Amino acid sequence: MVKIRIIPCLDVKNGRVVKGINFLNLIDAGDPVEQAKHYSDNGADEICFLDISASLENRDTMINVVKKTANEVFIPLTVGGGISSIENIQALLKAGADKVSINSAAIKNPNIIKKASEYFGNQCIVVAVDAKKHNNDWFVYSHGGTKKTDLHALSWIEKAQKLGAGEILLTSMDKDGTKSGFDNELLNKVSEFLKIPVIASGGVGALDHFYDGIVKGKADALLAASVFHFNEISIKEVKKYLKDKNINIRD
């Protein structure tokens, strides 16, 4: 059985870690390299960097931050934000990223998923999906959650899998920053047809939310930001809690 991963997410804007509620009202939460090293030293299974303004401002992801982090951190590093070409992906992998997360570019040109997975291997390609509920269905948002698309989230995720995505990073915009728990209804629906891992994102506020994301949402990995950044819950606490509940978690 695959072991559940705990992944701290660092949303980066202008070279700083930021956090908000429902993708809005961002506040400073520290230096990304220092934060990543802290999490690596304290039991994180992976680190996720998302340059949340890169697509919106049409600029490249911060290569220098990735290089510095790769020198300090020795667990897998996933990087996303502003990735729109094979060249972008190559530059990030060369800088030290282990995986890249594609969002807006894949919506605009789905074929980039196929090309990237064929070129680099699907283990390197994560497709990030920002979803929000409207009238009992979930729709995909692009450009850091600022632009609603006509894509139905479940259909889009299924298509991404067929095109060669290695993982899905699924963020519930309704839950993001609210600390009310993952959107387990959405996660469960996705897990019914998904054969690749799904990383749950958006909404953690308590230890039992991690447990529910696995048992109710059937997620393969759990991503959180606020509770880790502001020292409300530590990764070690999460892992001990889940082990005590007989969840197969990495040491």
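The values are calculated or read from the model by the stated rules, or taken from the named source; none is laboratory data. Worth saying up front: this structure is predicted, and the values here are computed from it rather than measured. Here Cβ is always computed from backbone atoms with ideal geometry, including for glycine, and neighbour counts include all displayed protein chains. Please note that ligands, DNA and RNA were not included when accessible areas were found on the heavy atoms of the full protein model with its side chains. Shrake-Rupley method; radii C 1.70, N 1.55, O 1.52, S 1.80 Å.
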Next item on the list: Note down the relative contact order for region 201-251 as a percent, whole number, built from C-alpha pairs under 8 angstrom at least six residues apart.
Entry: 32 percent
Item checked: Viscosity 1.306 mPa s, temperature 10 °C, Stokes-Einstein D of region 105-147 from Kirkwood C-alpha radius, µm²/s -> 136 µm²/s
Check: For the chain, what's the relative contact order in percent, using C-alpha pairs closer than 8 Å and at least 6 residues apart?
Finding: 19 percent
Note to self: Using each residue's phi in region 121-128, evaluate 6.51 cos²θ - 1.76 cosθ + 1.60 at θ = phi - 60° and report the 3J(HN,Hα) Karplus result to the nearest Hz, with x for Gly and Pro.
What the structure shows: x, 5, 5, 8, 10, 10, 9, 8
Next item on the list: With a 10 Å radius around each residue's Cβ, average the other Cβ atoms per peptide and rank 162-169, 222-229, highest first.
Entry: 222-229, 162-169
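Send over the Kirkwood Rh of region 73-128, from the inverse of the averaged 1/r over different Cα pairs, rounded to one decimal Å.
Details: mean 1/r = 0.0911 Å⁻¹.
Hydrodynamic radius (Kirkwood, Cα only) of region 73-128 equals 11.0 Å.
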Next item on the list: Provide, as a two-decimal number, the C-alpha radius of gyration of region 117-205 over 2.2 N^0.38 Å, N being how many residues it has.
Entry: 1.05
Checklist line | region 140-251, Rg to Rh (Cα coordinates; Rh as Kirkwood inverse mean 1/r) | finding: 0.98
Notebook entry, point to check: Hey, got the Cα dimensions of region 127-167 along the principal axes, in Å, largest first?
Noted result: 28, 22, 14
Check: Tally Lys/Arg at +1 and Asp/Glu at -1 over every other residue whose Cβ is under 15 Å from the Cβ of Lys243; what's the total?
Finding: +2
Check: Seen from all sides and averaged, what is the projected area of the convex hull of the Cα atoms in region 171-218, in nm²?
Finding: 2.9 nm²
Item checked: Added length on full extension, which subtracts the Cα-Cα distance from 0.36 nm per residue, Asn42 to Gln123 -> 26.7 nm
Note to self: Please report the antiparallel percentage of DSSP beta bridges with both residues in the chain, rounded to the nearest 5.
What the structure shows: 30 percent
Next item on the list: Using Cα pairs closer than 8 Å and at least 6 residues apart in sequence, work out the relative contact order for region 98-165, in percent.
Entry: 33 percent
Margin query: Could you derive backbone 3J(HN,Hα) for region 66-75 from the dihedral phi with the Karplus parameters 6.51, -1.76 and 1.60 (θ = phi - 60°), listing whole Hz in sequence and x where the residue is Gly or Pro?
Written below: 5, 4, 4, 5, 4, 6, 9, 10, 10, 10
Next item on the list: Divide by every residue of the chain the summed helix terms, -39500 (n - 2.57) for each DSSP H run of at least 4, and state the resulting mean residue ellipticity at 222 nm, rounded to the nearest 500 deg cm²/dmol.
Entry: -9500 deg cm²/dmol
Next item on the list: Within region 178-250, report the GluC sites (Glu not before Pro) that DSSP leaves as loop and that have at most 11 other Cβ atoms within 10 Å.
Entry: Glu192
Note to self: Please compute the per residue accessible area over the chain with all protein chains in place, 1.4 Å probe, rounded to a whole number of Å².
What the structure shows: 45 Å²
Item checked: Where only C-alpha atoms are counted, convex hull volume of the chain per residue in Å³ -> 110 Å³
Notebook entry, point to check: When the solvent-accessible surface of protein heavy atoms is calculated with a 1.4 angstrom probe, in what order do Arg250, Arg5 fall, highest first?
Noted result: Arg250, Arg5
